[in-house]
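Enquirer: This is the structure I want to talk about, given as structure tokens.
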Amino acid sequence: MLPVLDFVIIAAYLALCVIIGVKVGGKATDTASYFNSKGTIPWWAISLSIVAAETSMLTVISIPVVAYKGSLVFLQIVAGYVVGRILVSFLMLPHYFSGEQQTAYTFFRQRFGDKFRKTMSATFLVTRLFADGIRIFAAAIPIKIITGFDYPVSIAIMGGLSLLYSFYGGLKSVIWIDVLQLIVYLSGGVFIVFQIFFGAPGPVFGDLMEAGKLAVVTLPTSFGDIFFTDYNLIGAVLGGMFLTLASHGTDQLIVQKLLACGDLKQARKALIGSGIFVFFQFGLFLTVGLMLWTFHGGAEIAALGLANQDELLLDYIAMHVPVGITGLIIAGLFAAAMSTVTGSLSALSSSTLFDLFPSLAERPDAMSWSRGAMVVWATIFVLFATAFSLYFKSGDPIVIIALRIAGFTYGALLGAFFVGRFTTVGTVAAYAGFFTTIVVMAVVITLSMFVYKTGLAFPWYTAIGSAIYVATALLVDKLHPAGKG
């Protein structure tokens, strides 16, 4: 249990986030301002919001575990993230600003019909449900640590907090609170690095170097290593690149924020800027993991008495960070989690309204339906995260689990975009590519995660999935050209 001062700071900070979120968001009067706010937010704020939305809580509590158990080789994947953003900026973003785009999936209606658009939107909804259900579980970990509540109660608390300011102010509130919370939790990471580094009794870098913890690049030792080891230079960079092509080029969570920039030039600046910033952010929290390894003398996580390996950083914060600063850091974690989840709530609700049930967006009471969709999705998130906490067990850090799960559908989303934008294949071929990719990747990922310990490395999931989609669609279109439409 934390001291009273820390609880006061946490409560005050969370209240401040809600107040600021409502204030800057204003009262949205229509669905366009609620889900978009085109051109009214500067690109740099959207850039920081993208970073917060994609990494926040998972990065803060789980990336240090990756470095604690290994080294800095995860940065190879992050380098792929940067390359992927550049490609998205020049290959995919122009299409989103070529006409009136309400969501990332609007163009599918003209290309393959409204049913296909709804299929892609539903795929996104399922992807976000799994990925963000895990994020809510991650967000509940600090609540469990400092209050002693079990995971279901902690998850319900986080789900309720996440709904507060997004329900009222919409996307504009989400983006500006993202900026605030990112500054706070990064400051916490910097504090921990300096506290451990300057408090260490011996030479920190010498011990890390001797243990091989400072390695950044891992070269494959065989052709098989490229595809079957998670962290090697070729697989990591290419895998990170394709993952970003999907997550930042086809995922409504990110595309919604890029559309809020108002024009292509500002969106490119926001996206490429987020890539540079995210590289340094991952570097910071990997360094936090190395400092924790130094602090614990290189002990195995199992020997530290933690119920969950993702409690590593939180345990240090609760036990060794000074009173007051502890409260501020944990408050930053809460805010980070809230912003990540609220960004997803906004994206899911907009896709539900505009893609799945477009007639609702044209009703006089569309705002009520929009807010109702947020309540429904928040409830679904809580239920899924609770089930995840009770039944799913894995030896991997939670951030790796989230990346693996995204692989089930990201390949299909990216493949559909490539086929729709850069080929002339018909609707039948597009559906064939979609269903084939989902089935094959479900089998591959299930075998890799639960049957073979050395299965296909997770960075390749999206790349392989998109390749299966494109190849299947082109083949079916050649065999069934009558399916164009």
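Values in this text are rule-based calculations from the coordinates and carry no lab data. Computed from a predicted model, the values in this text were never measured in an experiment. Using ideal geometry, Cβ is built from the backbone for each residue, glycine included, and neighbour counts are taken over all protein chains shown.
Enquirer: To the nearest Å, what is the center-to-center distance of the stretch 337-377 and the stretch 405-479, using C-alpha atoms only?
Expert: 28
Enquirer: Another one. Would you please report the Å³ per residue occupied by the convex hull of the alpha carbon atoms in the stretch 228-381? Mind dumping the intermediate values first?
Expert: Values: hull volume 29.7 nm³, N = 154.
Measuring per residue, one finds 193 Å³ for the Cα hull of the stretch 228-381.
Enquirer: Contour minus end-to-end for Lys69 and Ala303, with contour as 0.36 nm per residue of separation and end-to-end as the Cα-Cα distance? Intermediate values should be presented prior to the final figure.
Expert: Values: separation 234, 0.36 × 234 = 84.24 nm, distance 1.28 nm.
Taking 0.36 nm per residue and subtracting the Cα distance, the gain is 83.0 nm.
Enquirer: With viscosity set to 1.306 mPa s and temperature to 10 °C, compute the Stokes-Einstein D of the stretch 192-282, Rh being the Kirkwood radius across alpha carbon pairs; µm²/s, no decimals. Write down the numbers at each step before the final one.
Expert: Details: Rh = 16.6 Å.
Taking Rh from Cα pairs, D becomes 96 µm²/s.
Enquirer: Would you mind ranking Lys118, Lys23 by Cβ crowding within 10 Å, fewest neighbours first?
Expert: On the way: Lys118 18, Lys23 12.
Arranged by neighbour count, lowest to highest, Lys118, Lys23 become Lys23, Lys118.
Enquirer: Shifting gears a bit: Grab the eigenvalues of the alpha-carbon gyration tensor for the stretch 4-483, scale each by 5, take roots, and send me the semi-axes largest first in whole angstrom.
Expert: Semi-axis lengths for the stretch 4-483 are 35, 28, 19 Å.
Enquirer: I need Leu353, Leu14, Leu161, Leu219 ordered by Cβ neighbour count within 10 Å, fewest first.
Expert: Values: Leu353 25, Leu14 16, Leu161 20, Leu219 9.
Ranking Leu353, Leu14, Leu161, Leu219 by Cβ neighbours within 10 Å, fewest first, gives Leu219, Leu14, Leu161, Leu353.
Enquirer: Using Cβ counts within 10 Å as a stand-in for footprinting exposure, how do Lys115, Lys144 rank, fewest first?
Expert: Numbers: Lys115 11, Lys144 21.
The order, fewest Cβ neighbours first, is Lys115, Lys144.
Enquirer: Could you work out [θ]222 nm for the chain from helices alone, using -39500 (n - 2.57) per DSSP H run of at least four and dividing by all its residues? Round to the nearest 500 deg cm²/dmol.
Expert: Values: 21 runs with 360 residues, N = 485.
Value at 222 nm, helices only, nearest 500: -25000 deg cm²/dmol.
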